[in-house]
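To keep things clear, I will list the structure first and then write my remarks on it.
The values are calculated or read from the model by the stated rules, or taken from the named source; none is laboratory data. Predicted model, so just to flag it, every value in this text is computed and none were measured. In this analysis, Cβ positions are derived from the backbone assuming ideal geometry, glycine residues included, and neighbour counts consider all displayed protein chains. Calculation scope for accessible area: heavy atoms of the full protein, side chains included, ligands and nucleic acids excluded. Shrake-Rupley method; radii C 1.70, N 1.55, O 1.52, S 1.80 Å.
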Amino acid sequence: MNKTVDEMSFSFAEENYIKAIFHLSNWGEISVSTNSIADQLNTKPASVSDMIKKLANKGVINYRKYQGVEITSKGKSLALQVIRKHRLWEVFLVEKLRFKWDEVHEIAEQLEHVKSPRLTDKLDEFLGYPKVDPHGDPIPNKNGEVKVGPKLGLSQMEEGSQGTVVQVDDSNPAFLKYLDKIGIYIGARIKVNERVEFDGSLELIIDNNQKQFVSSEAANNILVAKE
């Protein structure tokens with residue numbers, strides 16, 4: 001990762017902005033509008049404009065009027081650092097402190113701002129260099145590299161096809177509780193038994209024995225490695 005970024009001082013709010021921009025830009029692939037940033041962070045466009053000026057001055061984004069915000073290589077490096085810390089802390093909270101996977105996001109949102117690269121590296125080593133967090137999101141390594149295997153949305157799978165759950169949306173704790181209730185977890189083996197034409201819901205067989213219906217909305221938020 002870019003050493004210059006490590007040495008620069010960013011506030012919690014600035015780190016949250018750059019992380020949000022990074023995600024909205026599809027990991028730096030597209031430009032992002034100020035309105036979409038405001039929606040993502042639940043704030044006013046005027047506040048976004050002020051922050052964009054600060055971030056542009058620090059070299060982590062470029063902004064051109066009417067063309068939106070583009071994240072720079074320095075911005076990507078910073079975002080990946082924050083994401084790495086967030087996901088490592090989620091692993092620690094679930095594996096070592098026995099938190100449930102629907103409880104850790106908000107705590108990790110606070111811990112991700114701890115400014116100690118040595119602590120992050122020690123945490124990574126202590127956890128055995130995990131590749132994904134408890135929700136299946138890939139964890140960047142210390143160089144900002146991310147390995148992502150092939151996967152597709154459960155809603156895209158055909159009747160009779162099988163796969164393993166590798167990632168779920170972690171933005172809504174209620175959704176994660178719902179997955180717990182119906183027996184879906186990272187690593188669960190799933191077969192699409194039937195697709196309901198009326199509403200797109202799916203009848204699944206989980207781990208070769210449990211039959212369960214899921215809505216098309218739920219299926220859109222579950223990613224599977226197809227067998």
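Below are the figures for this structure:
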{"item": "Inter-residue pairs, beta-carbon under 8 Å, first under 11 Å from Lys115 (Cβ atoms) and modelled with pLDDT under 80 and in segment 1-19, second surrounded by fewer than 19 Cβ atoms within 10 Å (Cβ to Cβ) and not hydrophobic (A, V, I, L, M, F, W, C), 6+ apart", "result": "Asp6/Pro117; Met8/Lys58"}
{"item": "Out of Leu97, Leu55, sole residue that is of a type in the set (A, V, I, L, M, F, W, C) and either touching a helix residue (DSSP H, G or I) at 6+ places or on another chain (Cβ under 6 Å) or within 22 Å of Glu14 (Cβ to Cβ) (or both)", "result": "Leu55"}
{"item": "Top-ranked residue in segment 182-210 [being at pLDDT 95 or above and among the basic types (Lys, Arg); ranked as farthest from Asp133 (Cα to Cα)]", "result": "Lys191"}
{"item": "Elements of type strands (runs of 3 or more DSSP E) in segment 160-227, at least 2 residues being open to solvent by less than 30 Å² (accessible area, probe 1.4 Å)", "result": "162-168, 189-195, 202-206, 222-226"}
{"item": "Residue that is nearest to Gln167 (Cα to Cα), among those in segment 109-137 that are in a helix (DSSP H, G or I) and open to solvent by less than 30 Å² (accessible area, probe 1.4 Å)", "result": "Asp124"}
{"item": "Matching option when the condition is assigned to a loop (DSSP other than H, G, I, E, B) and open to solvent by less than 30 Å² (accessible area, probe 1.4 Å), among Pro150, Pro140", "result": "Pro140"}
{"item": "Members of segment 78-104 found to be farther than 19 Å from Asn172 by Cβ and outside any helix (DSSP H, G or I), listed by number", "result": "Lys96, Leu97, Arg98"}
{"item": "Of all residues making up segment 83-108, the number that are among the charged types (D, E, K, R) and open to solvent by 50 Å² or more (accessible area, probe 1.4 Å)", "result": "6"}
{"item": "Flag if Val146 is of a type in the set (A, V, I, L, M, F, W, C) and modelled with pLDDT under 95", "result": "yes"}
{"item": "Out of Ile18, Ile61, sole residue that is touching a strand residue (DSSP E or B) at 6+ places or on another chain (Cβ under 8 Å) and within 20 Å of His105 (Cα to Cα)", "result": "Ile18"}
{"item": "For Tyr63: the one exception among (1) farther than 23 Å from Gly144 by Cα; (2) in a helix (DSSP H, G or I); (3) of a type in the set (Phe, Trp, Tyr)", "result": "(2)"}
